[in-house]
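Beneath this line is the structure, given in structure tokens, with notes to follow.
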């Protein structure tokens with residue numbers, strides 16, 4: 001069964017290393033028969049949050065916001081590619097996610113983290129877990145982490161070295177976990193409308 005998955009990436013830096021992990025995840029999920037789209041926060045270019053999507057009168061939201069709201073509502077699940085900035089989450093990705101709320105509801109989310117160092121972005125991943133739960137998503141228990149990212153993935157997102165081998169070994173469980181929750185959520189939404 002094919003699922004529609006949005007993979008969100010949020011670095012605004014000039015030399016973006018996390019795009020390697022985004023490419024790895026997109027290719028891995030597509031290889032399992034899913035319809036996958038990469039949503040790059042920098043390319044979407046939303047302004048700093050002033051008004052959430054739901055706060056615009058119907059039909060008056062900026063075009064980029066309207067398009068993204070539709071993409072989110074049409075997805076079966078999400079993957080956040082989470083870089084770690086000073087023990088925290090990337091501001092670009094956080095800004096993008098905060099523009100929406102109800103659009104996220106009743107779908108699973110997975111977290112794939114990275115950093116230039118050996119902790120692989122896990123502190124940011126922990127911060128995202130609570131945030132995504134508060135935004136109405138079921139956060140799956142399986143995660144993947146790449147770090148040091150330059151020793152784990154090549155510039156084109158291919159696994160290298162021991163870190164790459166570990167990432168490849170962890171990916172099937174990560175993808176299976178996400179697939180199970182997407183299928184469970186779809187079945188439940190078809191059986192019974194969400195309570196709100």
If you fit an axis through the alpha-carbon atoms of helix 161-191 and take the longest principal axis of the Cα set of the chain, what angle between them do you get, 0 to 90°, nearest 10? 20 degrees
Residue among 149, 160, 72 with the largest mean-square fluctuation in a Gaussian network model of the chain, springs linking Cα atoms under 10 Å: 160
Between residue 116 and residue 49, what is the label-to-label distance in nm when each label sits 7 Å out along the Cα-to-Cβ direction? 2.7 nm
Taking the Cα centre of each part, how many Å lie between the range 120-187 and the range 1-73? 16 Å
Full extension from residue 176 to residue 102: what is 0.36 nm times the residue separation minus their Cα-Cα distance, to one decimal in nm? 24.1 nm
Of all DSSP beta bridges located in the chain, what percent are antiparallel, nearest 5? 10 percent
What FRET efficiency comes out for the pair residue 126/residue 58, r = Cβ-Cβ distance, R0 = 45 Å, nearest 0.05? 0.75
In degrees, nearest 10, range 0 to 90: what is the angle between the Cα axis of helix 19-30 and the longest Cα principal axis of the chain? 70 degrees
Name the most mobile residue of 67, 94, 158, meaning the one with the largest mean-square fluctuation, in a Gaussian network model of the chain with Cα contacts below 10 Å. 67
Can you tell me the orientation of helix 63-73 relative to the chain, as the angle in degrees between its alpha-carbon axis and the longest Cα principal axis, to the nearest 10? 80 degrees
Label zone at residue 12 (point 7 Å along Cα-to-Cβ), backbone N below 15 Å, the range 95-128: 95-99
Between residue 86 and residue 165, what length in nm is gained on full extension when 0.36 nm per residue of separation is reduced by their alpha carbon distance? 25.8 nm
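By how many nm would the segment from residue 2 to residue 191 grow when fully extended, if each residue of separation counts as 0.36 nm and the alpha-carbon distance is taken off? Please report the intermediate quantities before stating the final value.
Numbers: separation 189, 0.36 × 189 = 68.04 nm, distance 1.91 nm.
That pair, residue 2 and residue 191, stretches by 66.1 nm at full extension.
How high is the relative contact order of the chain? Use alpha-carbon pairs under 8 Å, at least six apart in sequence, and give a whole percent. Could you put the intermediate results ahead of the total?
Working: 359 pairs, mean separation 44.2, N = 196.
Normalised by residue count, the contact order of the chain is 23 percent.
Every read-out reported here was derived from the displayed coordinates using simple, explicitly stated rules and does not represent laboratory data. Keep in mind it's a predicted model, so treat the numbers as computed, not measured. Cβ: placed from backbone, ideal geometry, glycine included. Neighbour counts: every protein chain shown.
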